[in-house]
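**Q** Attaching a single structure in structure tokens format; questions to follow.
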Amino acid sequence: MTETQILHNYSAGGWQGSSSGETLPVTNPASGQVLARVPLSTPEEVDRVAQSAQASFSAWRHTPATARIQYLFRLKDLLEEHFEELSRTITLENGKTLEESRGEIRRAIENVEVACGIPTLMLGDFSEDVARGIDEYMIRQPVGVSAIICPFNFPGMIPFWYMPYALACGNPVIVKPSERTPLTMQRVFELLDGLKLPAGVVNLVNGGAETVDALLDHPVIRAVTFVGSTAVARHIYSRASANGKRVQAQGGAKNPLIILPDADVQMTTSIVADSAFGNAGQRCLAASLAVTVGEADRIFVPALAEAAAGRVVGDGLVDGVQMGPVISAQSRERILGLIQAGIEEGGRAVVDGRASGVAGYENGYFLRPTLLRDIPAGGRIARTEIFGPVLGMMHVDTVDQAIELVNSGEYGNMACLFTRSGAAARKFRYEAQAGNIGVNIGVAAPMAFFPFSGWKNSFFGALHAQGKHAVEFFTQTKVVVERWLDDWSRKF
Ligand code: NAD
């Protein structure tokens, strides 16, 4: 990529330049260097992409599922072959460490593997003799052109929460990457181009809010998936469903953890620090609030402070770096403002990551981990999604109080508990109001064969990403009731 390179869209089986004339820089957050420019595609360009997708639908639908998945087997091979290169691209445009990028691509590949099981996953149901001589069955048919709208923080994985399932089920797809991290999908589409899928089955459209709205309004698009912030998720969900589309929208998060005094100190400290500061806190499953119960406060505040202060911050491409920069200067400013607000409302900075330059990377968007203790319940730090390397800590006396705190939040993406007590773990699993639960796990990310189950303001819709939910989302059921008579001359 070069600074002057303008990214292309992909549709009708080939690459197209955008004629919008409006572009944004794609920046390496570790260095501030411009890597390329991304076009903000116009509604007319979205229309051309959508029409090309629609034109491919009938033939793709008629292609047997067993033949459709042959492309996915080859895609898996290509992703494995280009594993390191794709991981490096993620680190370059997003800032996370190379190890984190490798984990991300591994998750993408796992979704391709699961979708290869579509001949079984898409099976229907059959019931013989629902009445005398009458049988009834349910078949799954593809829903139609599907749009996949993505956030900046997992540019390699999140499109794969959907794309392999949509394709395997017989739908053409249109992927809209984040305008902040569009390079990984650019490369993935170069690989897809090599698969020689029928023209129009896979499409890439770059752009921002106006491009997204054109997708939400386009009549041939039948299904929309979205992952991003809650405010935008709400907008996507209401606009796309008002237009009669099937839609699921995963939103933001504020993930609490509860630490009980009996939790294993070394394991819990390491896991909680990874959850809070991994990906520079820019994970929708990042721990953002740690609630210590009883004696746990005395043990875990110093242990977590040591882990936070000792984390190696720098360019994610450099060996030994444990935390990269945040995505942009604007994001850095927003996080600094939130840390200040947290201190003003009574939080104490046990570790203060605000003075945070990295030598040789003066133009990078670096912060170091921050640990704020005694943050007030109901305050800004306790309630706001920070999406940066900041862990707020609170202290309560009982497990019940801790669960009540967890359940008082507006989000429900993830909640975790650290303990050796099976009884406490069971109570927590039963009562916690979040869709992804971790017990002695800090990033409770469901494997590809389980749904990514956000609740409350972290999710709008019914069916989630990945696995069987994705198969249901990308297919519509048709129920057939049939009567066949042995003797058509017999009086009915
Ligand atoms: P974002 O909401 O700013 O952007 C996401 C997508 O929406 C982008 O493609 C962007 O172009 C588009 N968009 C932005 N504003 C829009 C508007 N006004 N109208 C139409 N489209 C618009 O999110 P982000 O900053 O890229 O990603 C971070 C957010 O994503 C965090 O809140 C994080 O929690 C969330 N996230 C959630 C999950 C989950 O599974 N729940 C996973 C990853 C990230």
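**Q** From the list 437, 403, 375, exactly one residue is closer than 14 Å to residue 253 by Cα and either out of contact with any Ser or Thr (no Cβ under 8 Å at 6 or more places or on another chain) or not assigned by TED's automatic domain parsing to the domain that holds residue 27 (or both). Which is it?
**A** That would be 437, the only listed residue that is closer than 14 Å to residue 253 by Cα and either out of contact with any Ser or Thr (no Cβ under 8 Å at 6 or more places or on another chain) or not assigned by TED's automatic domain parsing to the domain that holds residue 27 (or both).
**Q** Continuing with the same structure: With 155, 177, 159, 172 as the choices, which residue is under 20 Å from residue 85 (Cα atoms), at pLDDT 95 or above and in contact with a strand residue (DSSP E or B) (Cβ under 6 Å, 6 or more places away or on another chain)? Working first, answer last.
**A** Working: 155 fails: in contact with a strand residue (DSSP E or B) (Cβ under 6 Å, 6 or more places away or on another chain); 177 fails: in contact with a strand residue (DSSP E or B) (Cβ under 6 Å, 6 or more places away or on another chain); 172 fails: under 20 Å from residue 85 (Cα atoms).
The match here is 159.
**Q** Among the residues of the stretch 156-176, is there at least one that is more than 25 Å from residue 245 (Cα to Cα), crowded, with 24+ Cβ neighbours inside 10 Å and either of a type in the set (D, E, K, R) or assigned by TED's automatic domain parsing to the domain that holds residue 213 (or both)? Quick ask: steps written out before the conclusion?
**A** Looking only at the stretch 156-176, we keep the residues that are more than 25 Å from residue 245 (Cα to Cα), and these are 156.
Subset that is crowded, with 24+ Cβ neighbours inside 10 Å: 156.
With either of a type in the set (D, E, K, R) or assigned by TED's automatic domain parsing to the domain that holds residue 213 (or both) added as a condition, the list becomes 156.
Within the stretch 156-176, one or more residues are more than 25 Å from residue 245 (Cα to Cα), crowded, with 24+ Cβ neighbours inside 10 Å and either of a type in the set (D, E, K, R) or assigned by TED's automatic domain parsing to the domain that holds residue 213 (or both).
**Q** Residues 316, 281: which one is surrounded by 16 or more Cβ atoms within 10 Å (Cβ to Cβ), within 16 Å of the ligand (Cβ to nearest atom) and outside the structural domain of residue 33 (by TED's automatic domain parsing)?
**A** 281
**Q** Hey, another quick one. Is it true that residue 427 is more than 14 Å from the ligand (Cβ to nearest atom) and within 30 Å of residue 239 (Cα to Cα)?
**A** The answer is no for residue 427.
**Q** May I pose another question? Select from the stretch 447-464 the residues that are crowded, with 18+ Cβ neighbours inside 10 Å and without any contact (Cβ under 8 Å) to a residue 40 or more places away in the chain and write down the one among them that is farthest from residue 230 (Cα to Cα).
**A** 451
**Q** Conditions: (1) modelled with pLDDT under 95; (2) out of contact with any strand residue (DSSP E or B) (no Cβ under 9 Å at 6 or more places or on another chain). Residue 360 meets all but one. Number of the miss?
**A** It is condition (1) that residue 360 fails.
**Q** Quick one: count up the residues across the stretch 47-88 that are in contact with a strand residue (DSSP E or B) (Cβ under 6 Å, 6 or more places away or on another chain) and among the hydroxyl-bearing types (Ser, Thr, Tyr).
**A** Here the count works out to 1.
**Q** Looking only at the stretch 314-335, count how many residues are hydrophobic (A, V, I, L, M, F, W, C), farther than 18 Å from residue 352 by Cα and assigned to a loop (DSSP other than H, G, I, E, B). Step through it out loud before you land on a result.
**A** Residues of the stretch 314-335 that are hydrophobic (A, V, I, L, M, F, W, C), as a first pass: 317-318, 321, 323, 326-327, 329, 335.
Going one step further and asking which of them are farther than 18 Å from residue 352 by Cα, we end up with 317-318, 321, 327, 329.
From what is left, the residues that are assigned to a loop (DSSP other than H, G, I, E, B) are 317-318, 321, 327.
Number of matching residues: 4.
**Q** Looking at the structure I just gave you, is residue 66 without any contact (Cβ under 8 Å) to a residue 40 or more places away in the chain and touching a Pro at 6+ places or on another chain (Cβ under 6 Å)?
**A** Considered against the rule, which asks whether it is without any contact (Cβ under 8 Å) to a residue 40 or more places away in the chain and touching a Pro at 6+ places or on another chain (Cβ under 6 Å), residue 66 comes out as no.
**Q** I've got another one for you. Please find, within the stretch 166-184, the residue that is farthest from the ligand (Cβ to nearest atom) out of those that are assigned to a helix (DSSP H, G or I) and in contact with a helix residue (DSSP H, G or I) (Cβ under 6 Å, 6 or more places away or on another chain).
**A** 168
**Q** Still on this structure, please answer the following. Name the residue that is nearest to residue 273 (Cα to Cα), counting only residues in the stretch 300-351 that are among the aliphatic types (A, V, I, L, M) and touching a Pro at 6+ places or on another chain (Cβ under 7 Å).
**A** Among residues in the stretch 300-351 that are among the aliphatic types (A, V, I, L, M) and touching a Pro at 6+ places or on another chain (Cβ under 7 Å), the one nearest to residue 273 (Cα to Cα) is 308.
**Q** A follow-up question, please. Condition first: surrounded by 15 or more Cβ atoms within 10 Å (Cβ to Cβ) and part of a helix (DSSP H, G or I). Now tell me which residues in the stretch 336-347 satisfy that.
**A** 336, 338, 339, 342, 343
**Q** Could you list, in sequence order, the residues of the stretch 218-244 that are in a helix (DSSP H, G or I) and either modelled with pLDDT under 95 or more than 11 Å from the ligand (Cβ to nearest atom) (or both)?
**A** 237, 238, 241, 242
**Q** Given the criterion assigned by TED's automatic domain parsing to the domain that holds residue 474, at pLDDT below 95, over 22 Å from residue 149 (Cβ atoms) and small (Gly, Ala, Ser), identify the matching residue among 14, 32, 21.
**A** From the options 14, 32, 21, the qualifying one is 21.
**Q** Can residue 449 be described as aromatic (Phe, Trp, Tyr) and more than 16 Å from the ligand (Cβ to nearest atom)?
**A** Numbers: aromatic (Phe, Trp, Tyr): yes; more than 16 Å from the ligand (Cβ to nearest atom): yes.
Spelling it out, residue 449 is indeed aromatic (Phe, Trp, Tyr) and more than 16 Å from the ligand (Cβ to nearest atom).
**Q** Also, quick follow-up: Just to check your reading of the model, which residue among 461, 467 is within 13 Å of the ligand (Cβ to nearest atom) and on the phi > 0 side of the Ramachandran plot?
**A** Values: 467 fails: within 13 Å of the ligand (Cβ to nearest atom).
Testing whether each residue is within 13 Å of the ligand (Cβ to nearest atom) and on the phi > 0 side of the Ramachandran plot leaves just 461.
**Q** Okay, moving on. It is to be established whether one or more residues within the stretch 125-133 are within 16 Å of the ligand (Cβ to nearest atom), hydroxyl-bearing (Ser, Thr, Tyr) and either surrounded by fewer than 24 Cβ atoms within 10 Å (Cβ to Cβ) or modelled with pLDDT of 95 or more (or both).
**A** Checked against the condition, which is being within 16 Å of the ligand (Cβ to nearest atom), hydroxyl-bearing (Ser, Thr, Tyr) and either surrounded by fewer than 24 Cβ atoms within 10 Å (Cβ to Cβ) or modelled with pLDDT of 95 or more (or both), the stretch 125-133 yields no hits at all.
**Q** For the stretch 237-260, which positions are touching a Phe, Trp or Tyr at 6+ places or on another chain (Cβ under 6 Å) and either within 30 Å of residue 398 (Cβ to Cβ) or of a type in the set (Gly, Ala, Ser) (or both)?
**A** Within the stretch 237-260, 249, 253, 254, 259 qualify.
**Q** Moving on to the next point. Taking the criterion of being away from the ligand (no atom under 16 Å from the Cβ), out of contact with any Ser or Thr (no Cβ under 7 Å at 6 or more places or on another chain) and either of a type in the set (Asp, Glu) or part of a helix (DSSP H, G or I) (or both), would at least one residue in the stretch 136-151 satisfy it?
**A** No, the stretch 136-151 contains no residue that is away from the ligand (no atom under 16 Å from the Cβ), out of contact with any Ser or Thr (no Cβ under 7 Å at 6 or more places or on another chain) and either of a type in the set (Asp, Glu) or part of a helix (DSSP H, G or I) (or both).
The values are calculated or read from the model by the stated rules, or taken from the named source; none is laboratory data. Predicted model only: the values in this text are computed from it and were never measured. We place every Cβ from the backbone using ideal geometry, glycine too, and count neighbours over all the protein chains shown.
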